[in-house]
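Notes follow once the structure below has been shown.
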Amino acid sequence: MAQTDKAHSVDTNLNSAGAGFGTFAGVFTPSILTILGVIMYLRFGWVLGQVGLIGTLVIVTLSTAITFLTALSIASIATDQHVRTGGAYYMISRSLGIETGGAVGIPLFLAQALSVALYTIGFAESVCRVFPQFDAVWTGMITTVLVGGLALYSAKIAIRSQFFIMAAIVLSLASLLFGEATETPDVALWEGAGSVGFWSVFAVFFPAVTGIMAGVNMSGDLKNAKRSIPRGTFLAIGVGYLIYMFLPILLSQRASAESLIQDPLIMRRIAFWGDAILLGVWGATLSSAIGSILGAPRVLQALARDKVLPNSLRWLGKGKGADDNPRAGTWFTLGLALIAVYFGNLNIVAPVLTMFFLTTYGVLNISASIEKLLGSPSFRPTFKVHWFFSFLGAMACIAVMLLINSLATIIAVLFMVLLFIWLQRRELQTTWGDVRQGLWMAISRSALLRVRRTADPKNWRPHILVLSGAPTKRWHLVELGHDLSQNRSLMTVATAISKTDLPIDRQLKMERNIREYLLQRGINSLVRVYYAKRVLEGTQNMISTYGLGQITPNTVLMGASENPANLEEYTRLIEYAYALRKNVLIARNADTLNFKSYRRIDIWWGGLKANGGLMIVLAHLLQRSINWKGTEVNVKMLTQSEKAAEGASLNLSGLFREMRVDHNEMVIHEPKKEFYEVLNEHSKGADLVMLGMAVPAKDFDYKAYYLNLSQKTKNLPSTLFVLASQEVAFGEVLS
């Protein structure tokens with residue numbers, strides 16, 4: 001089994017004070033500067049030329065709508081919980097669980113790290129157009145190192161440097177507004193002049209509006225994340241949308257479609273002061289790179305501290321100084337960004353980021369919609385959003401991903417699923433709750449209310465109550481119950497305690513320890529510890545009261561009693577369980593079972609309507625389990641005459657063909673021998689013998705019957721005594 005890790009809450013592991021940024025500096029500034037970034041200056045003209053004015057406005061509106069719906073979900077989650085370092089990862093992991101959070105958080109970190117490359121590549125591309133003697137790759141790598149150095153030195157200085165960059169962007173936009181056309185504009189309203197499809201153009205543009213993550217990822221460094229994240233995010237989205245809707249109208253009146261496609265720096269030619277555009281381009285790309293290199297290491301830091309990353313990468317969770325600067329994570333991010341700069345280009349990196357960001361957006365929306373739908377008392381956001389808007393945002397993300405590139409969508413989802421499975425196998429434990437428990441409770445409630453009280457033979461399975469005592473001492477009972485249930489029906493391992501003064505917390509701890517012991521051995525089971533000063537009284541109460549609604553155990557599995565002093569109570573327990581319509585399975589000598597090398601099960605047939613039907617079902621279930629796979633099942637019957645033997649053999653073979661079970665019929669003709677003599681002789685080589693028990697009846701001495709049965713079968717190998725209740729017609733189960 002995988003080693004179980006303990007993931008500590010980021011709330012307690014991080015310096016909650018952080019750098020103490022407000023809404024404007026901590027959320028709005030990094031968000032708007034990332035939104036008004038490299039795509040706007042170097043690719044927005046290309047977008048307009050490719051799909052025309054209306055197409056561009058549709059792309060801007062659709063992209064912003066998805067971002068806005070996601071922002072609603074972010075605001076809802078952020079105003080419900082204390083958002084610490086990790087931003088979107090933190091929100092998802094505290095809502096949908098650490099496995100889902102990790103499966104999204106790792107791609108989110110990669111997207112943020114690649115964003116650094118996206119922006120520095122854009123910066124290098126613009127610089128090299130002005131200074132052709134420079135090499136684009138080395139310019140990008142040097143810029144990446146300088147941006148990383150600033151983030152390593154101080155997040156506070158990096159944030160404050162963005163105010164000067166914002167001034168440069170405002171100046172560039174003003175210069176563009178007061179510029180004039182340098183050629184005859186010919187941009188069409190409804191169709192573009194390029195050959196690239198609408199959704200491919202959308203994929204290139206969409207990273208332009210993902211800047212909201214730059215603010216969200218600074219969550220651990222805000223004075224008041226609950227207030228700053230919603231306000232700063234919505235303000236940045238609104239300002240960005242207005243600018244992106246105005247710019248294509250302006251550009252369509254200043255340049256031709258061909259120039260917009262061919263010249264990435266077309267804005268410089270049509271601006272009042274062209275070099276102001278260069279200041280804006282360089283400022284925007286550098287600020288966006290700074291925002292990403294501040295955000296990505298913080299996501300990585302949260303992943304490492306929650307033990308999502310492998311042990312060899314736990315050092316990435318370390319922070320330095322009063323503001324808990326993730327320097328180790330910044331170095332790691334810087335290395336990935338340099339690799340991407342060296343091998344990548346703008347048009348390749350942008351669509352990859354689109355997929356990663358859309359995936360993150362989709363899961364954030366799903367988190368918010370589930371939280372709202374469940375109506376958990378603990379989910380009380382001050383910013384209230386109807387679940388439909390979050391659900392709509394999730395569906396929009398999925399639809400757009402498929403429209404952009406269905407193969408890339410499948411690969412992205414598969415990557416997340418593999419991450420989820422990997423994290424689940426590691427059995428990470430958390431100190432926080434998540435929405436999954438509420439989701440399962442809602443599903444369970446719905447299912448409980450829909451389960452019919454009357455037995456349904458077609459859907460019958462053994463829901464087993466294993467009276468194991470201490471599981472370590474009677475592990476064979478637990479193993480046998482697991483093989484019969486196969487993780488497809490309910491199994492409960494029940495343990496009796498006789499101490500009247502045992503505190504409740506000790507009892508709960510005992511249940512938890514047993515549950516963990518079973519899980520470590522690959523067995524999913526419910527666990528119940530109950531008080532039983534006397535076997536009959538305590539266990540009878542357990543059998544009669546245990547369960548919820550219509551979901552109650554229908555089969556009791558217990559070990560055989562070898563103590564004559566307890567036989568009276570033991571047989572009364574069998575009668576009581578049968579009276580409650582529970583099937584009773586008694587395992588004798590089961591501690592000799594070798595759960596590795598089964599070859600043969602013997603069933604002694606007494607007719608389909610007695611215990612035979614249940615024994616056939618149980619043997620069939622064992623054959624389908626991993627431990628008993630390939631085991632031969634022999635159904636044996638004793639007759640007193642050769643003629644009866646021939647008829648019985650024909651009847652059994654026809655019956656088994658109709659039942660569609662892989663069992664062998666063996667009719668034994670031994671007229672001079674009694675049944676128990678034949679039983680011991682013909683089943684001494686079996687791994688498991690199944691033998692039906694008599695039905696308890698009024699004035700029937702069941703104690704004497706059971707004592708005789710025990711004595712006559714004491715030399716048999718592992719034996720399962722079977723007493724079927726009459727609630728289910730097992731013949732119909734097999735039909």
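From the set of residues in the stretch 187-237 that are hydroxyl-bearing (Ser, Thr, Tyr) and within 15 Å of residue 29 (Cα to Cα), which is farthest from the chain's Cα centre (by Cα)? So that I can check it myself, show each step before the final result.
First, pick out the residues of the stretch 187-237 that are hydroxyl-bearing (Ser, Thr, Tyr): 195, 200, 210, 219, 228, 233.
Retained after the next criterion (residues that are within 15 Å of residue 29 (Cα to Cα)): 210, 219, 228, 233.
Values: 210: 24, 219: 24, 228: 29, 233: 28 Å.
Step by step, filter the stretch 187-237, then rank; the result is 228.
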Inset, instruction - May I ask you to verify whether residue 121 is in contact with a Gly (Cβ under 9 Å, 6 or more places away or on another chain), assigned by TED's automatic domain parsing to the domain that holds residue 40 and under 22 Å from residue 340 (Cα atoms)? - result: yes
Legend entry - Matching entry among 129, 84, 43 (being among the basic types (Lys, Arg) and under 24 Å from the mean Cα position of the chain (by Cα)): 84
Inset, instruction - Check whether at least one residue in the stretch 668-675 is touching a strand residue (DSSP E or B) at 6+ places or on another chain (Cβ under 9 Å) and in contact (Cβ under 8 Å) with a residue 40 or more places away in the chain, and report yes or no. - result: no
Inset, instruction - Could you check how many residues of the stretch 613-649 are in contact with a helix residue (DSSP H, G or I) (Cβ under 6 Å, 6 or more places away or on another chain), of a type in the set (A, V, I, L, M) and assigned to a strand (DSSP E or B)? - result: 3
Inset, instruction - Might you let me know whether the stretch 155-164 holds any residue that is more than 26 Å from residue 52 (Cβ to Cβ) and touching a Phe, Trp or Tyr at 6+ places or on another chain (Cβ under 7 Å)? - result: yes
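In this structure, does residue 578 turn out to be within 18 Å of residue 690 (Cβ to Cβ) and part of a loop (DSSP other than H, G, I, E, B)? Even if it seems obvious, please write down each step before you answer.
Working: within 18 Å of residue 690 (Cβ to Cβ): yes; part of a loop (DSSP other than H, G, I, E, B): no.
For residue 578, the condition - within 18 Å of residue 690 (Cβ to Cβ) and part of a loop (DSSP other than H, G, I, E, B) - is not met.
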Inset, instruction - Please work out if residue 91 is more than 22 Å from residue 334 (Cα to Cα) and either surrounded by fewer than 24 Cβ atoms within 10 Å (Cβ to Cβ) or not assigned by TED's automatic domain parsing to the domain that holds residue 265 (or both). - result: no
Legend entry - Every residue from the stretch 43-65 that is under 16 Å from residue 254 (Cα atoms) and among the aliphatic types (A, V, I, L, M): 47, 48, 53
Inset, instruction - Give the stretch 516-535 a look and list any residue that's assigned to a helix (DSSP H, G or I), aliphatic (A, V, I, L, M) and buried (at least 16 other Cβ atoms within 10 Å of the Cβ), or say none. - result: 518, 535
Legend entry - Pair list, Cβ < 9 Å and 6+ apart or interchain, from the stretch 406-425 residues that are closer than 23 Å to residue 306 by Cα to residues that are outside any helix (DSSP H, G or I) and β-branched (Val, Ile, Thr): 423/308
Legend entry - Failed condition for residue 537, given (1) of a type in the set (D, E, K, R); (2) more than 31 Å from the chain's Cα centre (by Cα); (3) closer than 19 Å to residue 487 by Cα: (3)
Inset, instruction - Can you confirm whether the stretch 102-110 contains a residue that is modelled with pLDDT of 85 or more, more than 10 Å from residue 363 (Cβ to Cβ), aromatic (Phe, Trp, Tyr) and crowded, with 24+ Cβ neighbours inside 10 Å? - result: yes
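Filter the stretch 399-425 down to the residues that are of a type in the set (A, V, I, L, M) and crowded, with 17+ Cβ neighbours inside 10 Å, then identify the one that is farthest from the chain's Cα centre (by Cα).
Here is the first cut: in the stretch 399-425, the ones of a type in the set (A, V, I, L, M) are 399-404, 407-408, 410-414, 416-419, 421, 423.
Right, trim to crowded, with 17+ Cβ neighbours inside 10 Å and you get 400-401, 404, 412, 416, 419, 423.
On the way: 400: 23, 401: 20, 404: 25, 412: 15, 416: 9, 419: 9, 423: 9 Å.
Residue satisfying both the conditions and the ranking: 404.
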Legend entry - Test set (1) among the hydrophobic types (A, V, I, L, M, F, W, C); (2) closer than 18 Å to residue 119 by Cα; (3) buried (at least 24 other Cβ atoms within 10 Å of the Cβ); (4) modelled with pLDDT of 85 or more - residue 302 fails condition number: (2)
Inset, instruction - Please verify whether the stretch 379-391 includes one or more residues that are at pLDDT below 70, over 19 Å from the mean Cα position of the chain (by Cα) and in the same structural domain as residue 228 (by TED's automatic domain parsing). - result: yes
Inset, instruction - Please specify each residue of the stretch 1-33 satisfying the condition of being modelled with pLDDT under 80 and in a helix (DSSP H, G or I). - result: 10, 11, 12, 13
Inset, instruction - Within the stretch 413-429, count every residue that is at pLDDT below 80 and closer than 23 Å to residue 67 by Cα. - result: 0
Legend entry - Matching residues in the stretch 187-197 - criterion: being of a type outside the set (D, E, K, R) and surrounded by fewer than 17 Cβ atoms within 10 Å (Cβ to Cβ): 188, 189, 190, 195, 197
Legend entry - Identity of the residue in the stretch 557-594, surrounded by fewer than 16 Cβ atoms within 10 Å (Cβ to Cβ) and within 17 Å of residue 478 (Cα to Cα), that ends up modelled with the highest pLDDT: 591
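The values are calculated or read from the model by the stated rules, or taken from the named source; none is laboratory data. Bear in mind that the values here come from a model prediction, so they are computed numbers and not experimental data. Note: ideal-geometry Cβ built from the backbone for every residue, glycine included; neighbour counts use all protein chains shown.
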